[in-house]
Amino acid sequence: MKKTLILLNILIFMGTVSPSAQITTHKAQRSVQVFIEHVDRLGNDNLDYLEDEYTGTPYNNPIFLLGTIYENNNAIASNYALRYNAMADEIEVKETLYIEDSEAKTLTKSPDLYVKIMDEMFVFVPTEQSKQDPGYFKVLHVGNNYNLYKKISKKYFPARKAQNSFEKDVSANFADRSTYYLVSQDGKFEKFEKSKNKRLKVFGDRQDEIKKYIKKGRLDITDAEDLLKIVKYYDTIVLAAQ
């Protein structure tokens, strides 16, 4: 995981991959073939239970977008069509955007494999590291000491028929359930709970400094955008103290 975090620093802040990491060498081309063979052995029938009509989406983004698949320090598949299925906690893959969605396969779940879909990075973290929520995480920020990860979850509610004339039919729907984590560079996860006080406790002996920063900036630690600002600030004061 540590080497994954180091690579993320490069990918997110530079936004590019060095020529040596592109799929230009025989070794990289061989990696792509192994990847394709493995993916082709996997099925994709995890949404067979869905009803004809529903609101929301089981995906982070229902549309396949172009992205890159990385294995350790190498880009092994560029310009693939990818999307994150949050309900099944899977990365769905097509070789091109023009292939039917029903033909999509799923990427092997491995901490050595991670993807960048447009400008969004997703990494796989096994149970022993994330403790409570293993699986794929969206990387919101990578700092010098601390990162901010988001676990995107979906809860499916089946359709419900009205029981009497005073009620209305309710269509099936997907509700978003997101959890945020402060992640150290050595892979330690600290979960941000829902309440303000519990979220502040994640910052340990820096709570007073964080409170002052929140007050000065009129921030809300339970708001996702403000939490990102707070984590970025926390990372800077930890770095300054070293």
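The values are calculated or read from the model by the stated rules, or taken from the named source; none is laboratory data. Note that the structure is a prediction, hence the values are computed from the model and not measured. In this analysis, Cβ positions are derived from the backbone assuming ideal geometry, glycine residues included, and neighbour counts consider all displayed protein chains.
Brief remarks on what is shown
- Boolean, GLU209 is of a type outside the set (Val, Ile, Thr) and farther than 27 Å from ILE152 by Cα: yes
- Residue match in the stretch 90-103 (condition: over 23 Å from ASN61 (Cα atoms), surrounded by 15 or more Cβ atoms within 10 Å (Cβ to Cβ) and in contact (Cβ under 8 Å) with a residue 24 or more places away in the chain): no
Per-residue answers, yes or no, for (1) part of a strand (DSSP E or B); (2) within 30 Å of ALA88 (Cβ to Cβ):
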position: ASN147; (1), (2): yes, yes
position: LYS154; (1), (2): yes, yes
position: LYS191; (1), (2): yes, yes
position: LYS194; (1), (2): no, yes
position: ILE210; (1), (2): no, no
position: VAL231; (1), (2): no, yes
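- When the test is whether a residue is within 14 Å of the chain's Cα centre (by Cα), in the same structural domain as TYR136 (by TED's automatic domain parsing), at pLDDT below 90 and over 18 Å from LEU140 (Cα atoms), ALA104 does not pass it.
- Among (1) at pLDDT 90 or above; (2) of a type outside the set (Lys, Arg); (3) surrounded by fewer than 16 Cβ atoms within 10 Å (Cβ to Cβ); (4) in contact with a Phe, Trp or Tyr (Cβ under 9 Å, 6 or more places away or on another chain) - the single one ASP119 does not satisfy: (4)
- The stretch 186-212: number of residues that are over 22 Å from the mean Cα position of the chain (by Cα) and surrounded by 17 or more Cβ atoms within 10 Å (Cβ to Cβ): 3
- Reported count of residues in the stretch 61-86, each being crowded, with 20+ Cβ neighbours inside 10 Å and in a loop (DSSP other than H, G, I, E, B), is 2.
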